[in-house]
Amino acid sequence: MDTPDPSQLRISDQDRHQVAEVLREAAGEGRIDFDELDQRLEATYSARTYADLVPITLDLPTTAATQLPARAAAATPSPVVPGPAEERHVAILGGFDRTGVWVVPQHLSIFAFMGGVTLDLRQARFAAREVTVTVNAIMGGADITVNPQTHVILEGTGIMGGYSGPSDRTPAELGADAPVVRIRGVAIMGGVSVTRKPVRGDRRELRRSAD
């Protein structure tokens, strides 16, 4: 008999209340604002499985995260999963977007001509521990977002344009197994920017009282 995946087990009301207390404590300490608290409480009371709880407190300190149910903590997926070795995409007078949960190939190449590119890697998985994202932008641009647990190496060149990396506003929290995203390419009269942001709780249509 196959062992069930702990992350897909159903959670109890007690599990939801426990996560809600972590969120209220974080709000009291000023780590999240009241709008975020409301959004994350929505996600918490709408959650069905332990995997649903993981992104809600992923960007909170370890001291708070340790209060999560054990199965929820164990449900954090590995950032490296099987995936394609290479992908190529073109955005001409248009856009190319990837957000949410997706697999970043080992080599991702994007050409943007008078177009825009949005890559949100905060919930992405990677086909290798180090992936290379090549963005060549001509009169176009790209916005790339990573989470605090991702190491970024920026090697792009700007010609009447620029490449900008993540600032210290959201500090990195890099462990020994942190995935590496190497970003390279050329921006001509365009720009490529990398921003580091924490993972936020998903918005849910179903609203429930936090009490």
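Scanning the range 169-187 for residues that are part of a strand (DSSP E or B) and without any contact (Cβ under 8 Å) to a residue 60 or more places away in the chain, we see that the one that is nearest to the chain's Cα centre (by Cα) is Val180. Residues of the range 33-60 that are modelled with pLDDT under 85, surrounded by fewer than 21 Cβ atoms within 10 Å (Cβ to Cβ) and part of a loop (DSSP other than H, G, I, E, B): Leu58, Leu60. On the stretch given as the range 147-168, residues that are more than 23 Å from Ala128 (Cα to Cα) and either assigned to a loop (DSSP other than H, G, I, E, B) or not polar (S, T, N, Q) (or both) total 8.
The values are calculated or read from the model by the stated rules, or taken from the named source; none is laboratory data. Quick caveat: nothing in here was measured; it's all calculated off a predicted structure. All Cβ positions, glycine included, derive from the backbone under ideal geometry; neighbour counts span all protein chains shown.
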